[in-house]
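First comes the structure, then the notes that go with it.
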Amino acid sequence: MDNLNALFAEIRNEFPALTQKVHGKKLVYLDSAATTLKPKVVVERVSNFYLYESSNVHRGAHFLSDAATAQFEGARHSIARFIGAEHFEEIIFVRGTTEGVNLVANSWGLSNLKAGDEILITEMEHHGNIVPWQMVAEKVGAKVVAAGILDNGELDVEDFKKKLSSKTKMVAFTACSNVLGTNNDVPLLTKLAHQVGAKVLVDGAQIVSQSKVDVKAWDVDFFVFSSHKLFGPFGFGVVYGKKAILETMPPYQGGGSMISKVSLEGTTYNDVPFRFEAGTPHVEGAVGTHAAINFIEKIGFDKVHAYEMDLLQYATEKLSAIPDVKIYGTAANKGPILSFNLKGAHHSDVGQILDQEGVAVRAGHHCTQPLMARLGVPGTVRASFSVYNSREDVDSLVKAVVKARELLL
Ligand code: PLP
C-alpha cells in the first residue's frame, strides 16, 4: 500500500485544480462521480490541438484537415480497444451518456419496439437511462418496467428474472449506480436478457474510470459513456453498438457527414458509424479522450481499483463510526461512491457546511428520483473518490461531517 500511496501522491500533482483554496480552506474534491478533474496531459493535448492542429475533419483538401482527421479517427480506434470492441465502426461519437441513450432509444427503439413490448430497467437508474425509454415507450405504446433493489443497495436479481419475459425487448441498466456505488453483474444480467431475446444497453457512465470494460466478453449490445467522467473533455461521449445491430438502425439526426448521396428527391445514408454523426463533430473531445485513456491506462486499472477500494473502505469505516450517520448502499461489489445522510438533518444543509470546510460533495437526488423514492428520502450527500484523492481527504470529510452534526443536530 505504501508504494501505491506514493504513486498516487505523484498523480495528484497532475491536477492543478487541487492546489487552490475554497472559502479559505484547502480544496478537497470528492465529487468525481459528477465529473472528474482533468489532468494536465489532457488539457495540454486539447490546448495544443486548438493552437496548432485545429481544422475540420473528413473534409480532406489540405494538410491540417488530414492531420485532424487522422487524430480524430485515431481516437476512435483507441476508444474501441479501450472498451474491448472488435471493430472501430462500432464506436459512435456523441455528446455523452445521455445523448447516447437517446440515440439508441430513438434509432433502435422507434424501429424495433411496438405496443405491448416491455423495456426492463432497474430502480437504481439515472434519469438519463429512464426518461429516453419512457419517451419512446409513450410513442409506440410499450411499457417501462423496473427491477427492484435489496435493502443493501444490490439489484434484486430474483425480481429482475421475474420481470423478464418474452415481452421484454430491451434491458437497460447501469454497470455502477451513481448513488449506491453498486456494481451490477453485467455478464450475468446480459445473459439472462439474451435468454428471452432482449437487447441489452449498459450505462457505463460510472464504470469507465474505475475498472476495465470489455464489451465483447460481456456480450452487451450497446454501451454508453461520457468522457468528462473519465478525465476527459465535457460534451463528448461514446455509444458502442454491435456492428450487425448498428447496420440495421436508421439515422438519429440528419445533416452533413451522415450521408452517402443527397438529391432534392431524397438521400442515401453513409455507413456506420458515420451515419450516426451528423454535422461537424467534437474533434477536440475525441482527441482529449484519447489522451485521457492514455492517462488512465498508464496508471493501470489494477492499481486504480486497489487504491480506490482502500479509500472507500477507509471512508466507510470512519463515517460509520460517527453517530447519526446513515450510509446508503453497502453492496459487496461497489465502486468508490459513498452516499449518506445525517439523521434529522437535510442533505443540502450538510452539503453546505461541508462546502464551507472546503469539502466538495454532491447533495441532492443525483438525477435518481425513483431511487430516492425507494430509499424514502428526498436526497443524500454523496462523496465519491478518484485517483487524486487520499486518506487525508477522507479525514477532512469526516471532520467536516462531525462539525455539521454539531451545528445541525
Ligand atoms: N448515468 C449515470 C450512472 C450517471 O452517473 C450519469 C451522470 O451523472 C449519467 C448517466 C448522465 O451522464 P451525462 O450527464 O454525462 O450525460
statement: Selection from the stretch 148-168 of residues part of a helix (DSSP H, G or I) and surrounded by 20 or more Cβ atoms within 10 Å (Cβ to Cβ) yields Phe160
- request: Among the residues of the stretch 102-128, write down those that are away from the ligand (no atom under 13 Å from the Cβ) and among the hydroxyl-bearing types (Ser, Thr, Tyr).
  value: Ser107, Ser111
task: Look through the stretch 233-255, keep the residues that are of a type in the set (Gly, Ala, Ser) and touching a His at 6+ places or on another chain (Cβ under 9 Å), and return whichever of them is nearest to Val202 (Cα to Cα).
output: Gly237
field: Of the criteria (1) within 16 Å of the ligand (Cβ to nearest atom); (2) assigned to a helix (DSSP H, G or I), which one Thr69 fails
entry: (1)
message: I'd like to know if the stretch 32-41 contains one or more residues that are in a helix (DSSP H, G or I) and either away from the ligand (no atom under 16 Å from the Cβ) or on the phi < 0 side of the Ramachandran plot (or both).
response: yes
task: Select the strands (runs of 3 or more DSSP E) contained entirely in the stretch 251-367, then report the ones holding at least 3 residues which are over 20 Å from Phe231 (Cα atoms).
output: 259-263, 266-269, 325-328, 337-342
- request: Please indicate, with yes or no, whether at least one residue in the stretch 19-38 is buried (at least 16 other Cβ atoms within 10 Å of the Cβ), more than 16 Å from Phe385 (Cβ to Cβ) and not hydrophobic (A, V, I, L, M, F, W, C).
  value: yes
task: Could you tell me whether the stretch 208-224 includes any residue that is part of a helix (DSSP H, G or I), free of Cβ contacts under 8 Å to residues at least 40 places away in the same chain and within 16 Å of the ligand (Cβ to nearest atom)?
output: no
- request: Search the stretch 74-89 for residues being touching a residue at least 12 places away in the same chain (Cβ under 8 Å) and over 28 Å from Ala34 (Cβ atoms), and hand back the single one that is surrounded by the fewest Cβ atoms within 10 Å (Cβ to Cβ).
  value: Glu86
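Every number here is computed from the coordinates shown, using simple stated rules; none is lab data. In this text the structure is predicted, and so the values were computed from the model without any measurement. Virtual Cβ from ideal backbone geometry, glycine too; neighbours counted across all protein chains shown.
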